[in-house]
1. Among the residues of segment 1-28, count how many are assigned to a helix (DSSP H, G or I) and without any contact (Cβ under 8 Å) to a residue 60 or more places away in the chain.
2. Got at least one residue in segment 191-212 being of a type in the set (F, W, Y) and free of Cβ contacts under 8 Å to residues at least 24 places away in the same chain?
3. D101 versus (1) in contact with a Lys or Arg (Cβ under 9 Å, 6 or more places away or on another chain); (2) farther than 18 Å from R275 by Cα; (3) modelled with pLDDT under 95: which is the lone unmet condition?
4. Scan segment 177-199 and give yes if some residue there is part of a loop (DSSP other than H, G, I, E, B) and either at pLDDT below 90 or among the β-branched types (V, I, T) (or both), otherwise no.
5. Would you call G63 assigned to a loop (DSSP other than H, G, I, E, B) and under 24 Å from the mean Cα position of the chain (by Cα)?
6. If I ask for residues that are within 13 Å of the chain's Cα centre (by Cα) and aromatic (F, W, Y), which ones from segment 195-235 would you list?
7. Can you pull out every residue in segment 213-223 that is surrounded by fewer than 22 Cβ atoms within 10 Å (Cβ to Cβ) and farther than 17 Å from L198 by Cα?
8. Can you name the residue in segment 29-60 that is assigned to a helix (DSSP H, G or I) and of a type in the set (S, T, N, Q) and, of all such residues, is surrounded by the most Cβ atoms within 10 Å (Cβ to Cβ)?
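The values are calculated or read from the model by the stated rules, or taken from the named source; none is laboratory data. Because the structure is a prediction, the values reported are computed rather than measured. Note that each Cβ is placed from the backbone with ideal geometry, even for glycine, and that neighbours are counted across all protein chains shown.
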Amino acid sequence: MRLLHFLEYDISEGLIRFWRRYLWLIVLVFITCLLLDRASGDYLGMYGESWSPLGYMVNEFWGQRPFHFNQNTPDQFRLPLAWVLQYILLAYCIGNYVEEDMHGFGMQLMLKSRSRVLWWSSKCICCVCINLFYFLLLYGMTYGYAWISTGNMSMSGQQIALSLYYGEEVANTSMPELIRMAVLLPVLAGIVQSMIQLLLSLYMNSAAVMSVITFILVLSAYYGNRFLVHGYAMACRYYSDSLYPQDEVLTTAFGIPYLICLIVGLVGCGYGIIRKRNIIW
């Protein structure tokens, strides 16, 4: 029951109190979907095709392939801005709540209950709840946009559109696999990011934490590595690149257990830190 008391307070102060921040996500989803329509509308219209909700979701988490510097072809590194903003907004929605709570009523609850484990457990559960709400809103808005703009409410039937826009390999991917790439793994990556943010908030101010999160996102967009968390939130990383066949192709079979293990490990790391942290008592 004490955990529920902690959790009720955390959800109220960490989620509900900052509800206005989620309005920015609605704007971002609308702009991202609108830009996809403008970029592909005429092309798909020639074939009588339109995007399904899953097609929009794949676009939102398509990301970017690793950058390769070549003096003979001096390509510039282009940051996948919409993708990066989705995760920066997630970090913004969590904000500096943990930092504030360490010096506010949450600390009083910890002192009263004399349980650091309960305090940290509540923060972790609240972190997961924030992520679930954030991505439910993101996917709900995407689904709503697809329904309003195309009238398509089915998650299937996007093979031709995907083939025209992303290629045959993507179009031939099964719908369950696409859902894992564009829905499940981005959520898990978001939870890992938020857990890292919670841990950093124990030692850094919010500006420093946001700088670290932004650096991790840019690093993940620039490099391709199976151990970079946010790589699993980019659908393009699950497909081979004909120009750079040496690039490592990610798999959902490795990504799902890997991210889950990271979440468990970060929760355990937080327990160890908070138990040894020098606070009032």
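1. 9
2. Applying the first criterion (of a type in the set (F, W, Y)) to segment 191-212 yields 203.
This time we only want the ones that are free of Cβ contacts under 8 Å to residues at least 24 places away in the same chain, so: 203.
Within segment 191-212, one or more residues are of a type in the set (F, W, Y) and free of Cβ contacts under 8 Å to residues at least 24 places away in the same chain.
3. Exception for D101: condition (2).
4. Applying the first criterion (part of a loop (DSSP other than H, G, I, E, B)) to segment 177-199 yields none.
The answer is no, given that none of the residues of segment 177-199 is part of a loop (DSSP other than H, G, I, E, B) and either at pLDDT below 90 or among the β-branched types (V, I, T) (or both).
5. Answer is yes for this residue.
6. Y232
7. Within segment 213-223, V218, L219, Y222, Y223 qualify.
8. This residue is N59.
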